[in-house]
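Since every read-out is calculated from the coordinates, none of them should be taken as a lab result. Just so it is clear, the structure is predicted and the values come from calculations on it, not from any experiment. No Cβ is skipped: glycine too gets one built from the backbone with ideal geometry, and neighbour counts run over all protein chains shown.
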Amino acid sequence: MRRSPRPGRWFLALALMLWAGGAARDGFDRFIDATVIPPLAIDRSVEVLDRNGDLLRAYTVADGRWRLAVGLDAVDRGYVDMLVRYEDKRFWTHPGIDLRAIGRAAAQGLRYGRLVSGGSTLTMQVARLIENSGTGSWQGKLRQMRVALALERRLGKEEILTLYLNHAPFGGNLEGVRAASYAWFGKPPRRLTPAEAALLVAIPQSPNTRRPDRDPDTAHAARDRVLERMRGAGLLDPETVAAALTEPSPRVRRDFPILAPHLSDRARITDPLADVHALTLARDMQTRMEDLAAQAVEHRGDKLQIALMVADHRTGEILASVGSSAYTADAREGFVDMTQALRSPGSTLKPLIYGLAFDRGLVHPETLIADRPVDFDGYRPQNFDGLWRGELPVRDALRLSLNVPVVSLTHALGPDHLIAGLRRAGVEPVLPGGRPGLAISLGGMGLRLEDLVALFGSIANGGERIDLRWHPQPSAGFRPERVMGSAPAWQVADILRETPRPPGVADREIAFKTGTSYGHRDTWAIGFDGRHVVGVWMGRADGTPVPGVFGGALAAPVLFSAFERIGEVEPLPPPPPQTLLLGHGGLPQPLRRFAPPGGGGFEAGPEIAFPPDGAVVEGTALTARVQGGVAPFTWLANGAPVATSRTRHTVLDGLGPGFSDLTVIDAEGRSAAVSFRLD
C-alpha cells in the first residue's frame, strides 16, 4: 500500500509555490497558463429518455462503468450545498487551491505527526479525477494544484462543480452522482432527502469501503457524520437532522432502469453515434404495459409470448412499446422484439377491406351480402365455425368476422387495391409468392404489430394516414395520405364498436377487431377510442401453433386491460356530415344487395320456381318445384321439415289452408324461401 506523503513535504511544497508566486508572478502565470489539461469530455453512458426526459434505459461505457451525464440544474440543490460545505466551504471564492486549508492541514500534520485534515479543494479533486492521478505523492499533489489553478482560469465555478458531479466515484463501477442516485435510491438526483444527500456526500471520500452494498454499517456511520457536521455548520436545522438520522440507509444496489429495452436497442442501432436518444414513450405508461404483458402470459406455459403497443393516433406518437413479456433469454425468446416480427394478421385486415368497399361505393353498412359457398377458381373459403348464414347486412358480416363476404368484396375490389390501401397507410406487406391473391383478405401475408397499429390508427384518424413514430420529430418526408374517406372510416369504427366484447366488458367507446391466423399461430386484438390505438399480439415467438386459442378469447381481454391502464376512455367522434345514415329500405337500389361482378364466384343457389312468392294456390296438396342448387333438397313449411327429395319436383301434403312459409335448402346449405296461401 502506498504511504501518505509526510506533512513536512506538504508544507515545503506550499512554501515553494508561494515563493514562486511572489518572486516571479509573471512567470508563474505563464506556468499555469501553459498547463496541459486532459480532455474534459469522456465516454458517457448512452441513455434512452422518455418524452419527459425520464430515464428508460442506460448502457455502460466500453470499460463497463456507469457514467450518466448530469447538469448542475438536474441535481438537488440541498445536496450541492451540503457537498460544498462539507468538502470545500470556500469553493466559491478560492482560485482553485485553498491556502488557508492547506496551511491548516500542514500545521496540524507537523503538530500531530499525521494528516488530521485534508487540504484538497473540489477543484483539486476534479483535477485528480480527470487525470486519474493518485494522492500518494507530493509530486501528484503539486500537479493537482497546477491543474486546479488552470481549471479555475479556464472554466467557471459551476462548470467545475459539474465536472465533479459527473466524475466523482461512488463505489464499484459507479461514476457521477446521477449513476449513484439510481443505483442506491432508484431515482434521479433531482429530489434527494437530506439523508440521501448526506450519503452521496460521504461515499466519494472512500468509495470502496463505504459502499452500502458491501459495508452498509460503515456507509451509514459516514452518512450520519455528514449530517452532524451540517447541523454544526447551521446548514440543517436540528429537527431535520434528527429526522434524517432515523431514515434507513440502502443496503443493496438497485438495478438501472431497463424499460422499453427492445425499442431502446432499435434507437441505438438507428443512430449509433448519439449519446442520448429521446423517445415519444411515456415512462409511466410503458411501466404499466410491461407489467400487463408479464401478467398476461403468467401461468400460460413457458412458451406463450406477447407484444403490445400503444399510440396516440392524433399525433402518431408511440406511447408504449412492449416487445416481449420479459427481456430475457428464456423459452419465450424474450430478446426477440415481437412488435417487429412478420406474422399472419388473420382477420385483422377485414376493417380495411370493408372501408375500401364503402369508399368505392360497392356496399353500405346496411347492404345485404351473401354468406354462402363460393368457388374462385378452386379457392373455396369457409367461415371459422364452418356455418353459413345466408344473406345478412354488411354490418353483421364485419361484426361477426365472416370470411366469405370479405373475400367476395376483395374479389370485387381486386387484391391489388387492398395492397395499395395498406401502402397508403404506411404499411409494406410481405407477400408469399410475390403476387397478391384473394387469400390476403384472410391473413395470407406477413405484417408486423407496428403495421397493424399504424393501419388502425389511420382508420381512427378519420381515414388519413398517421405518422406512427417513436422519435419526437415528425418523420422526414412524411406525407399524409387518404387511406379511405372520413365517412367510410367512421362507418368502420361504428361497426367495430359493436364487436362482441369479452365477458365482463361493457365499454362501447372502443372499436376493436380480433384475429387468429391459420393453425392458431397468432392471435390479435387491435382497437381504438377517440385518442389511443392499442395493438396486442399473442402467440409463440418460434411460430409454432398454440392449439385452441383465438384472438377474441386470448388477446381481446388484454386489449381492454390495456385501455383500463391508459385511463379514461375518450369517446369516438360523431359521423362526418357526408355520412349516409340510412336503413336498408332507404338505400338506393344498387346498394340494397351486393351484386359481385360476374357472379363473384358464387355457385347458383336454389330458387323456388313454384309456387311464386305471394301466390294463392287452390287445393289441398302442393307440387313444389326448385331450380338451381345441388340435390338433395330439404323442404320446410313454417320452419318444420316436411320432405326431402333428390328430384326438383316434390309433392307436399298436409299443409292445411291458409298462409305458409316455404323454404328449400340444398346440399350446400344454400336456401330460398317464399310465402303463399293455400285455399
Next on the checklist: Out of all DSSP beta bridges in segment 604-678, what portion is antiparallel? Express it as a percent rounded to 5.
Outcome noted: 90 percent
Item to check | Residues Ala506 and Leu387, FRET efficiency given R0 of 41 Å [Cβ-Cβ distance, rounded to 0.05] | outcome: 0.90
Checklist entry - For segment 604-678, what is the relative contact order in percent, using Cα pairs closer than 8 Å and at least 6 residues apart in sequence? => result 40 percent
Item to check | 3J(HN,Hα) from dihedral phi, segment 547-562, Karplus parametrisation 6.51/-1.76/1.60, rounded to Hz, x for glycine, proline | outcome: x, x, 8, 9, x, x, 8, 9, 8, 4, x, 5, 4, 6, 5, 5
Item to check | Computed over the chain: relative contact order in percent, which uses C-alpha pairs under 8 Å that are six or more apart | outcome: 10 percent
Checklist entry - Roughly what would the spin-label model give for Glu607 and Glu428, points 7 Å off Cα along C-beta, in nm? => result 5.0 nm
Item to check | Estimated [θ] at 222 nm from DSSP helical runs (n ≥ 4, -39500 (n - 2.57)) normalised by residues in the chain, nearest 500 | outcome: -11000 deg cm²/dmol
Checklist entry - Normalised by the number of residues in segment 411-465, what is the relative contact order in percent for Cα pairs under 8 Å and 6+ residues apart? => result 37 percent
Next on the checklist: Please compute the Kirkwood hydrodynamic radius of the chain from all pairs of different C-alpha atoms, in Å with one decimal.
Outcome noted: 30.9 Å
Item to check | C-alpha long axis of helix 283-297 to longest principal axis of the chain, angle in ° | outcome: 60 degrees
Item to check | Derived scalar couplings ³J(HN,Hα) [segment 248-259; Karplus, 6.51 cos²θ - 1.76 cosθ + 1.60; whole Hz; x for Gly, Pro] | outcome: x, 8, x, 10, 9, 8, 7, 6, 6, x, 9, 7
Checklist entry - Can you give the angle from 0 to 90° between the axis of helix 7-23 and the longest principal axis of the chain, with both taken from C-alpha atoms, to the nearest 10? => result 80 degrees
Checklist entry - For Thr544 and Ser475 in one chain, what is 0.36 nm times their gap in residues minus the Cα-Cα distance, to one decimal in nm? => result 21.3 nm
Item to check | Spin-label zone in segment 612-639 - amide nitrogen under 12 Å from a point set 7 Å from the Cα of Arg646 along the C-beta vector | outcome: 631-633
Checklist outcome for this item: So the angle from the long Cα axis of helix 486-496 to the longest Cα principal axis of the chain, reported in degrees to the nearest 10, equals 80 degrees
Checklist outcome for this item: Checked against the positive end of the charge dipole of segment 604-678 (+1 on Cβ of Lys and Arg, -1 on Cβ of Asp and Glu, about the Cα centre), the farthest of Phe676, Gly605, Ala637 is Gly605
Checklist entry - Using θ = phi - 60° and the Karplus curve 6.51 cos²θ - 1.76 cosθ + 1.60, what whole-Hz ³J(HN,Hα) does each residue of segment 151-166 get, with Gly and Pro shown as x? => result 4, 5, 7, 9, 10, x, 4, 5, 5, 5, 5, 5, 4, 4, 4, 9
Item to check | Cut-off 9 Å between beta-carbons: net charge of the residues surrounding Thr499, Lys and Arg +1, Asp and Glu -1 | outcome: +3
Item to check | Cα-based Lys pair tally, the chain, threshold under 30 Å, eight or more apart or on separate chains | outcome: 8
Checklist entry - Using the per-residue mean of other Cβ atoms lying within 10 Å as a proxy for protection, in what order, highest first, do the peptides 630-643, 324-337 fall? => result 324-337, 630-643
Checklist entry - What nm distance separates the two modelled labels at Glu333 and Leu72, each placed 7 Å from Cα along Cα→Cβ? => result 5.2 nm
Checklist entry - If you stretched the chain out fully between Val61 and Thr620, how much longer would it get, using 0.36 nm times the residue separation minus the C-alpha to C-alpha distance? => result 191.6 nm
Checklist entry - Between Leu142 and Arg482, what FRET efficiency comes out of the Förster formula 1/(1 + (r/R0)^6) with R0 = 51 Å and r the beta carbon distance, rounded to 0.05? => result 0.10
Checklist entry - Once the piece of chain linking Asp81 and Tyr379 is laid out straight, how much longer is it, given 0.36 nm per residue of separation minus the C-alpha distance between them? => result 99.5 nm
Next on the checklist: Sort 340-347, 217-224 by the packing proxy (mean of other Cβ within 10 Å over each peptide's residues), most packed first.
Outcome noted: 340-347, 217-224
Checklist entry - From the Cα gyration tensor of segment 584-664, with a ≥ b ≥ c the square roots of its eigenvalues, which class applies: rounded if a/c is under 1.5, or else prolate if a/b is larger than b/c, or else oblate? => result oblate
Item to check | Two-site FRET efficiency, Ala420 against Arg592, from Cβ-Cβ distance with R₀ of 45 Å, rounded to 0.05 | outcome: 0.95
